[in-house]
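A.B. asks: One structure is given below, represented as C-alpha cells, and several questions about it will come after.
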Amino acid sequence: MAAISCLDFLGFQEALKKMRDVDDKIIYSLNALPTESFKGQVNSESTCRDLYAKLQQSHSSRQDNIRSCITLSANTLKNLGERRKAQPDDIETDSKFKAEQRKLRVLQSELNVEDIIKERTYKAFNERCRSYFHAGQ
C-alpha cells in the first residue's frame, strides 16, 4: 500500500480506517474455511497462508504510515517550539504548537490501537487456522 499523507489529518484517519478493513473483516475471511465435513473441497492451508500474508502486509504498512506521521509531527512540533521560544507573544504560533501537540498524542495513541487490533485479529486467525497453517513455516 502507498504511503498516506499526514498533512490532512482527517484524510489520514479515513485512510487508516480503510486500511483496517482486512482486520475488520477477518471473521468473514475465516468463514471461507470449510468445516470438518467439507475439508477436502478447499485448500485451507493455502487460504490461511494467503490471509496471513495479507494481514502481515497490512499491519506493516499501517504501522510504517503511523510512524512516519509521528516523525513528521514531532519535527513540526520541534520547529514550532523553537519559533514559540523565539517569539513568546505570537498567539498564532502558540495555537499551532498546541494543535500539533494534540495531533502528535492522537498519532501515538494510534500505535496502541494498532496493537489491540493486531492482537484481536491474530487471535481469531489462530483459532481458525491453527490446524492448517503455522506462521513462520
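A.B. asks: Give the shape of segment 81-137 as rounded, prolate or oblate, defined through the alpha-carbon gyration tensor: a ≥ b ≥ c are the square roots of its eigenvalues, a/c under 1.5 means rounded, and otherwise the shape is prolate if a/b is larger than b/c and oblate if not.
C.D. replies: prolate
A.B. asks: How long are the three semi-axes of the equivalent ellipsoid of segment 42-85, in whole Å, if each is the root of 5 times an eigenvalue of the C-alpha gyration tensor, listed from largest down?
C.D. replies: Each semi-axis is the square root of five times an eigenvalue, giving 42, 4, 4 Å.
A.B. asks: Let a ≥ b ≥ c be the square roots of the eigenvalues of the Cα gyration tensor of the chain; is it rounded (a/c under 1.5), or, if not, prolate (a/b larger than b/c) or oblate?
C.D. replies: In terms of gyration-tensor shape, prolate.
A.B. asks: Given a cut-off of under 8 Å on Cα pairs at least six residues apart, what relative contact order in percent is computed for the chain?
C.D. replies: 33
A.B. asks: While we're here: Return one whole number: the accessible area per residue of segment 58-137 in Å², for a 1.4 Å probe.
C.D. replies: 64
A.B. asks: Which order do peptides 85-92, 3-10 fall in by mean Cβ count within 10 Å, highest first?
C.D. replies: By packing density, highest mean first, the sequence is 3-10, 85-92.
A.B. asks: Rounded to a whole number, what % of the accessible area of the chain do carbon and sulfur atoms account for, probe 1.4 Å?
C.D. replies: Carbon-and-sulfur percentage of accessible area, whole number: 52.
The values are calculated or read from the model by the stated rules, or taken from the named source; none is laboratory data. As the structure is a prediction and not an experimental result, all values here were calculated from the model. FYI the Cβ positions are ideal-geometry reconstructions off the backbone, even for glycines, and counts take in every protein chain you see. Keep in mind that these areas ignore ligands, DNA and RNA; they rest on the heavy atoms of the full protein, side chains included. Shrake-Rupley method; radii C 1.70, N 1.55, O 1.52, S 1.80 Å.
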